[in-house]
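Trainee: Have a look at this one before I ask anything.
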Amino acid sequence: MNFDLVMPELFQLLVVVALFVQSVVRGRDDTGPRWLPVVAIIGVVVAASKLGAQGVLFEDVYRVDALSQFFKVAISLGFCVTVINAQNQPTLETQKRTDYFMMLSLSAWGLMLLASAAELITLYLALELSSYSLYALIPLRGNDRRASEAAIKYILFGAVVTAVALYGLSYIMASQHTTYIQGLMEKTWSMAENPMAVVGLTLFLGGFFYKLALFPFHFWCPDVYEGTSNETAAYVATVPKLGAVVVLVRLSSVLSPGMEVTNILAILAALSMTIGNLTALVQKDVKRLLGYSSVSHAGYVMLGLVSGTAAGLSAATFYALVYLLMNLTCFYVISRIAVNGENVTLNGLNGLYRKSPGLALVLAVSAFALVGLPPTAGFAGKLFLLASAWDHGYNWLVIVAVLNTAIAIYYYLNLVRHAYTEESDAAAPATSISSGQVAMGGILAACVLLLGVLPAPIYDLALTAGKALLP
Amino acid sequence: MTDAGYPVISSLIFLPLAASVALFFIRQDGFVRGFTLVVGILECLLALPLFGYVPNGGYQFEETVAWIPAWDITYHLAVDGLSLFMVMLTAVLLPLCVLCSWTYIGKRIKEFHFCLLLMTAACVGVFTALDFVLFYVFWEAMLVPMYLLIAVWGGPERKYASIKFFLYTLAGSTLLLAAIVAFRTVGGTFDITVLTSKTFSFEFQFWTFLAMALAFAVKVPMFPLHTWLPAAHVQAPSAGSVILAAVLLKMGTYGFLRLCLPLAPAASVYFAPMMIAVSIASILYGGLIALGQKDIKKLVAYSSVAHMGFVTLGIFVLTQRGVEGAILQMLNHGITTGALFMLIGLIYERSHSREIVDNQGLGKFMPAFMFFWGLFSLSSLAFPGTNSFVGEVLVLAGTFEVNNWAGFLAIPGAMLAAAYMLRLMQKVAWGDPSSYKKKWGDLNGREWIYLMPMAFLVFYIGFAPGPALRMISPSITTVLTTVEQKNQTLGFHKDMPLAECMQLEPTARVADGAASPVSLPGKERL
């Protein structure tokens with residue numbers, strides 16, 4: 001076996017094993033894996049160094065290609081930021097730290113495997129691997145009762161959707177007689193000729209829509225974000241979504257424009273954008289707000305998938321990375337503001353400008369990026385998505401998307417408005433944010449801006465991935 | 001690269017951008033102000049080569065760099081007669097705005113100047129971008145600093161005003177984004193110059209015109225989409241109001257000229273009567289509402305609605321004179337109303353009130369102030385010898401060439417302007433003064449410095465509009481000829497019924513390479 005091909009996964013596995021060993025042999029004074037941020041940064045470098053790797057492994061069920069390598073870099077980047085963000089998680093007991101990060105690494109490892117899975121059962125196993133560790137992480141929030149509620153919701157919804165996906169998988173296997181994506185691409189996917197396959201694919205996609213929080217699979221999302229700790233929410237809201245997108249991008253190569261499943265996806269995208277945005281308008285809790293906003297972003301990603309072209313798939317791939325960055329930036333600020341790990345409300349952002357001008361600026365950059373305002377990465381990502389969808393005749397969907405942007409402005413602007421123009425309650429405790437923490441936020445915000453001003457190099461990587469997928 | 005030996009336009013964009021980053025490293029407030037002032041003066045100096053523009057109707061000082069090659073998006077900038085003076089005005093306003101905010105802005109000084117610099121960069125970008133995506137990037141990028149200018153340094157109702165401003169303008173321009181994407185799919189590129197050379201079907205023009213016009217009409221603002229303007233103007237700090245009036249509003253009318261007319265010429269002609277009607281409604285409505293105002297700033301804000309109505313009227317009569325008047329009026333309104341807002345700012349610093357009743361009878365105590373107030377008021381009401389007179393006369397002449405009724409309906413607007421401005425001047429100069437005004441000082445040196453250039457421009461354009469008109473005329477001829485030729489190619493005539501228009505497809509489309517299917521990265525299934 002060529003170990004060189006799977007270097008990022010091996011490195012991540014090594015991290016999991018190291019954390020496991022530390023959690024087993026630790027003494028009483030174990031304060032958690034302080035070495036992890038450095039190792040996570042090395043992980044990003046390792047993943048980036050293997051960007052050009054190509055090949056197939058394990059009877060062709062595992063495909064290392066431009067798409068998988070792009071996502072592995074993104075996943076390791078997301079993992080790295082999450083680890084740095086969660087270093088001093090206030091609601092996590094010290095003795096649980098090592099286990100916490102082990103679960104987190106395991107989930108990231110599962111997502112890396114997901115990125116390369118080229119066969120439905122492998123996909124399914126990788127998905128479960130990445131999900132199970134999250135089931136354990138979500139209730140870890142001190143004595144907050146909402147955490148248990150969030151965990152139960154996540155597990156129950158997850159279990160049901162998994163069952164549905166498995167059911168869909170059986171339909172696909174029964175009707176198409178193969179589980180290899182490459183093989184499935186050569187089959188017919190018309191409702192008239194093979195209704196069982198179309199129904200099966202729709203159900204199977206449901207499993208990934210759940211991860212992506214696309215309407216109507218989104219009900220868990222705001223509750224889980226609200227219930228779980230800020231740092232865990234930052235991870236759940238971003239990195240697993242990459243896993244969902246990579247699978248959807250891979251499966252989209254099966255779909256051809258204009259077929260029934262594509263139209264269903266387009267309608268779901270429109271509903272997801274609209275319902276997500278309208279519900280976000282009335283939220284007071286910032287994490288719930290971001291939860292509903294992620295429902296709308298799931299709709300945006302679908303714009304690229306429904307177009308069914310290389311440009312569309314690469315637009316979705318690029319947007320997944322952009323979404324990861326801008327959402328992590330936003331969550332990073334929230335995690336820093338909530339000194340005791342409590343949930344941050346819109347009013348809690350009041351006077352952030354005074355408390356920490358740096359963090360206020362970082363929050364503004366991420367909020368405007370989430371709106372899709374130039375010159376942030378959010379705009380570049382959205383532009384590629386809209387252009388690819390319009391190119392392929394989904395004009396109505398583009399109109400829905402831009403109108404939704406207009407709706408979204410209000411609640412994202414609210415974040416900035418509270419941070420900059422409202423004065424904080426004088427009695428509120430002063431937050432102590434170190435300059436190092438602000439600098440980390442600054443780096444994230446700079447990445448969001450840089451990817452907006454100069455998206456070409458990264459987009460070209462995504463385009464290579466998209467082109468490699470479609471024959 | 002240009003004759004100047006350096007990329008003039010890029011330097012006008014990147015100097016303020018670089019300066020805005022440099023501001024982060026400056027601690028003392030006084031130094032922040034001084035530094036921004038120096039940057040402003042440098043910006044004016046860097047703009048000097050623009051005077052070398054040769055009036056030939058084409059683009060000059062062009063710069064093209066590939067930006068996002070996968071989607072054929074380029075960093076493409078240039079100026080022509082339509083944008084030349086707006087770029088110059090933007091550059092000139094930067095140091096003047098720093099000066100007029102010198103004592104006005106007392107908090108978060110660094111951030112204020114940061115916003116001012118970003119605004120300048122974005123505004124120059126909008127007026128020079130020749131790539132649709134680049135245009136949109138600059139168009140939206142200036143929203144954030146403007147929002148902050150109003151929301152942080154504005155009056156008591158600043159939160160309401162800033163959100164209204166942001167929501168209106170961004171909601172308006174989201175459809176512009178859809179139009180941009182549509183143009184790329186059908187036209188095969190984001191490059192405005194290439195798109196201008198193509199002819200699109202009437203139906204396509206119809207919808208894209210509506211999408212673009214909505215964005216531009218909000219920005220102008222045209223009645224009834226103007227309601228954000230008085231709130232924003234009244235609440236914004238002086239420098240914010242100046243930039244808003246002088247530059248931001250012009251982006252809307254510039255958009256009509258740069259994008260609507262050449263890209264959707266048939267739809268522009270088709271919708272021209274409607275646009276003329278809305279322009280006249282704006283003129284009359286703005287004038288009438290201004291007449292009833294008690295707040296000086298609100299009065300000038302509503303007068304802007306009326307003045308911008310003249311600009312859109314001039315554009316949509318689609319005659320050489322009308323459009324010449326419109327462009328000149330864009331510049332004039334920038335100078336005159338900008339200066340009026342500066343004056344309102346300096347009087348507010350003394351009285352802490354914008355109510356007419358609190359600022360009456362200044363003629364006796366502040367003669368220098370009254371000189372400038374009188375001058376800019378006369379310019380605002382288009383008094384002969386001032387800059388606005390030339391513009392307004394050209395617009396009206398252009399309107400009468402096309403339709404006498406439209407001309408007659410617009411004339412009362414000019415009279416209303418005289419009524420509200422003279423009423424205001426009468427009260428400010430000769431109303432009953434209250435005793436404490438004796439303590440107010442007349443203009444100080446700094447105030448003289450920033451008012452003098454504006455006064456000079458009022459007289460210069462008023463007495464010698466020739467040089468400016470010579471610069472802008474050829475570009476207007478180019479635009480109007482393009483409109484006419486494309487409509488002929490399409491077989492469009494303004495008296496055709498809509499159903500018939502919708503059938504119009506360009507016959508020459510195959511020849512000019514815009515035939516469908518277009519070879520795009522998005523089209524191929526690789």
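Trainee: Within region B:116-128, can you find the residues that are out of contact with any strand residue (DSSP E or B) (no Cβ under 6 Å at 6 or more places or on another chain) and surrounded by 24 or more Cβ atoms within 10 Å (Cβ to Cβ)?
Mentor: B:Leu116, B:Leu117, B:Met119, B:Thr120, B:Ala121, B:Ala122, B:Cys123, B:Val124, B:Gly125, B:Val126, B:Phe127
Trainee: Based on what the data block shows, is B:Glu392 part of a helix (DSSP H, G or I), over 26 Å from B:Ala326 (Cα atoms) and out of contact with any strand residue (DSSP E or B) (no Cβ under 8 Å at 6 or more places or on another chain)?
Mentor: no
Trainee: What's the total number of residues in region A:291-317 that are hydrophobic (A, V, I, L, M, F, W, C) and either part of a loop (DSSP other than H, G, I, E, B) or more than 10 Å from chain B (Cβ to nearest Cβ) (or both)?
Mentor: Matching residues across region A:291-317 total 8.
Trainee: May I ask you to verify whether A:Leu57 is more than 25 Å from A:Asp144 (Cα to Cα), open to solvent by 10 Å² or more (accessible area, probe 1.4 Å) and within 16 Å of the chain's Cα centre (by Cα)?
Mentor: Against the criterion (more than 25 Å from A:Asp144 (Cα to Cα), open to solvent by 10 Å² or more (accessible area, probe 1.4 Å) and within 16 Å of the chain's Cα centre (by Cα)), A:Leu57 does not qualify.
Trainee: Oh, and also: When both residues are 6+ apart or on different chains and their Cβ atoms are under 9 Å apart, which pairs have a first residue that lies in region B:288-299 and is open to solvent by 30 Å² or more (accessible area, probe 1.4 Å), and a second that is assigned to a loop (DSSP other than H, G, I, E, B) and among the basic types (Lys, Arg)?
Mentor: Note: pairs meeting the criteria are B:Lys298/B:Arg354.
Trainee: Identify all residues within region B:288-327 that are in a helix (DSSP H, G or I), more than 26 Å from B:Pro237 (Cα to Cα) and not aromatic (Phe, Trp, Tyr); write none if there are none.
Mentor: B:Thr312, B:Leu313, B:Gly314, B:Ile315, B:Gln320, B:Arg321, B:Gly322, B:Val323, B:Glu324, B:Gly325, B:Ala326, B:Ile327
Trainee: Take region A:368-417 and flag every residue that is within 8 Å of chain B (Cβ to nearest Cβ), open to solvent by 10 Å² or more (accessible area, probe 1.4 Å), hydrophobic (A, V, I, L, M, F, W, C) and more than 20 Å from the chain's Cα centre (by Cα).
Mentor: Passing the criteria: A:Trp390, A:Ile399, A:Leu403, A:Ala406.
Trainee: Looking only at region A:88-112, which residues are polar (S, T, N, Q) and either outside any loop (DSSP other than H, G, I, E, B) or in contact with a Gly (Cβ under 8 Å, 6 or more places away or on another chain) (or both)?
Mentor: Once the filter is applied, which keeps residues that are polar (S, T, N, Q) and either outside any loop (DSSP other than H, G, I, E, B) or in contact with a Gly (Cβ under 8 Å, 6 or more places away or on another chain) (or both), region A:88-112 yields A:Gln89, A:Thr91, A:Thr94, A:Gln95, A:Thr98, A:Ser105, A:Ser107.
Trainee: Scan region B:123-145 residue by residue and report those that are part of a helix (DSSP H, G or I), in contact with a Phe, Trp or Tyr (Cβ under 7 Å, 6 or more places away or on another chain) and either more than 11 Å from chain A (Cβ to nearest Cβ) or among the polar types (S, T, N, Q) (or both).
Mentor: Selection gives B:Val126, B:Phe127.
Trainee: Same structure, new question: Return the pairs, sorted by first residue and then second, in which the second residue is part of a helix (DSSP H, G or I) and of a type in the set (Phe, Trp, Tyr), the first residue lies in region B:327-356 and is closer than 16 Å to B:Trp153 by Cβ, the beta carbons are less than 7 Å apart, and the residues are 6+ apart or on different chains.
Mentor: Listed pairs, sorted by first residue: B:Met342/B:Tyr450; B:Arg354/B:Tyr348.
Trainee: Out of A:Ala270, A:Ala192, A:Ala280, A:Ala237, I need the residue that is small (Gly, Ala, Ser) and surrounded by fewer than 18 Cβ atoms within 10 Å (Cβ to Cβ). Which one?
Mentor: It is A:Ala192.
Trainee: For region A:182-190, check the following and say yes or no: at least one residue is of a type outside the set (D, E, K, R), over 23 Å from A:Val245 (Cβ atoms) and out of contact with any Leu (no Cβ under 7 Å at 6 or more places or on another chain).
Mentor: So far as region A:182-190 goes, yes, one or more of its residues are of a type outside the set (D, E, K, R), over 23 Å from A:Val245 (Cβ atoms) and out of contact with any Leu (no Cβ under 7 Å at 6 or more places or on another chain).
Condition check ((1) crowded, with 23+ Cβ neighbours inside 10 Å; (2) farther than 23 Å from B:Tyr104 by Cα) across all residues:
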position: B:Ile335; (1), (2): yes, no
position: B:Phe341; (1), (2): yes, no
position: B:Tyr348; (1), (2): no, no
position: B:Gly398; (1), (2): yes, yes
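Trainee: Shifting gears a bit: Mind checking which residues of region B:60-82 are part of a loop (DSSP other than H, G, I, E, B) and in contact with a Leu (Cβ under 7 Å, 6 or more places away or on another chain)?
Mentor: Correct list: B:Leu82 only.
Trainee: Also, I was wondering about something else. Which residues, counting only those in region A:435-459, are at the interface with chain B (Cβ under 10 Å from one of its Cβ atoms) and either touching a Cys at 6+ places or on another chain (Cβ under 6 Å) or open to solvent by less than 60 Å² (accessible area, probe 1.4 Å) (or both)?
Mentor: Selection gives A:Gly452, A:Pro455, A:Ala456, A:Tyr459.
Trainee: Residues being outside any helix (DSSP H, G or I) and farther than 17 Å from A:Val64 by Cα: count how many of those fall in region A:113-133.
Mentor: Selection size over region A:113-133: 0.
Trainee: Considering only residues that are hydrophobic (A, V, I, L, M, F, W, C) and at negative phi, look in region B:50-63 and name the one that is least open to solvent (accessible area, probe 1.4 Å).
Mentor: This residue is B:Leu50.
Trainee: Take the residues in region B:163-222 that are charged (D, E, K, R) and part of a helix (DSSP H, G or I); name whichever of them is farthest from the other protein chains (Cβ to nearest Cβ).
Mentor: Checking each candidate, the answer is B:Lys219.
Each row is one residue, and each column tells you yes or no for (1) acidic (Asp, Glu); (2) closer than 29 Å to A:Ala462 by Cα; (3) at pLDDT 85 or above.
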residue: A:Val45; (1), (2), (3): no, yes, yes
residue: A:Val56; (1), (2), (3): no, yes, no
residue: A:Glu59; (1), (2), (3): yes, yes, no
residue: A:Asn88; (1), (2), (3): no, no, no
residue: A:Leu120; (1), (2), (3): no, yes, yes
residue: A:Leu127; (1), (2), (3): no, yes, yes
residue: A:Ser133; (1), (2), (3): no, yes, yes
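Trainee: For the condition surrounded by fewer than 21 Cβ atoms within 10 Å (Cβ to Cβ) and more than 20 Å from B:Thr478 (Cβ to Cβ), what is the one hit in B:Ala78, B:Ala66, B:Ala91?
Mentor: From the options B:Ala78, B:Ala66, B:Ala91, the qualifying one is B:Ala66.
Trainee: Separate question: Among the residues of region B:29-49, is any exposed (fewer than 14 other Cβ atoms within 10 Å of the Cβ) and either of a type in the set (Ser, Thr, Tyr) or part of a loop (DSSP other than H, G, I, E, B) (or both)?
Mentor: No, there is no match, as no residue in region B:29-49 is exposed (fewer than 14 other Cβ atoms within 10 Å of the Cβ) and either of a type in the set (Ser, Thr, Tyr) or part of a loop (DSSP other than H, G, I, E, B) (or both).
Trainee: For B:Trp102, state whether it is open to solvent by 10 Å² or more (accessible area, probe 1.4 Å), more than 14 Å from chain A (Cβ to nearest Cβ) and either in contact (Cβ under 8 Å) with a residue 40 or more places away in the chain or in a strand (DSSP E or B) (or both).
Mentor: Yes: the conditions hold for B:Trp102.
Trainee: Let me ask something else about it. Take region B:147-162 and flag every residue that is open to solvent by less than 10 Å² (accessible area, probe 1.4 Å) and either facing another protein chain (nearest Cβ under 7 Å) or within 22 Å of A:Ala380 (Cα to Cα) (or both).
Mentor: B:Tyr147, B:Ala151, B:Val152
Trainee: Still on this structure: Could you run through region A:167-186 and say how many residues are over 18 Å from A:Thr122 (Cβ atoms) and without any contact (Cβ under 8 Å) to a residue 24 or more places away in the chain?
Mentor: 1
Trainee: Among residues belonging to region A:347-367 that are among the aliphatic types (A, V, I, L, M), over 22 Å from the mean Cα position of the chain (by Cα) and open to solvent by less than 10 Å² (accessible area, probe 1.4 Å), point out the one that is nearest to A:Lys284 (Cα to Cα).
Mentor: A:Leu349
The values are calculated or read from the model by the stated rules, or taken from the named source; none is laboratory data. Owing to the predicted nature of the structure, the values given are computational and were not obtained by experimental measurement. Note that each Cβ is placed from the backbone with ideal geometry, even for glycine, and that neighbours are counted across all protein chains shown. Quick note on the areas: whole protein, heavy atoms, side chains included, nothing else; ligands and nucleic acids left out. Shrake-Rupley method; radii C 1.70, N 1.55, O 1.52, S 1.80 Å.
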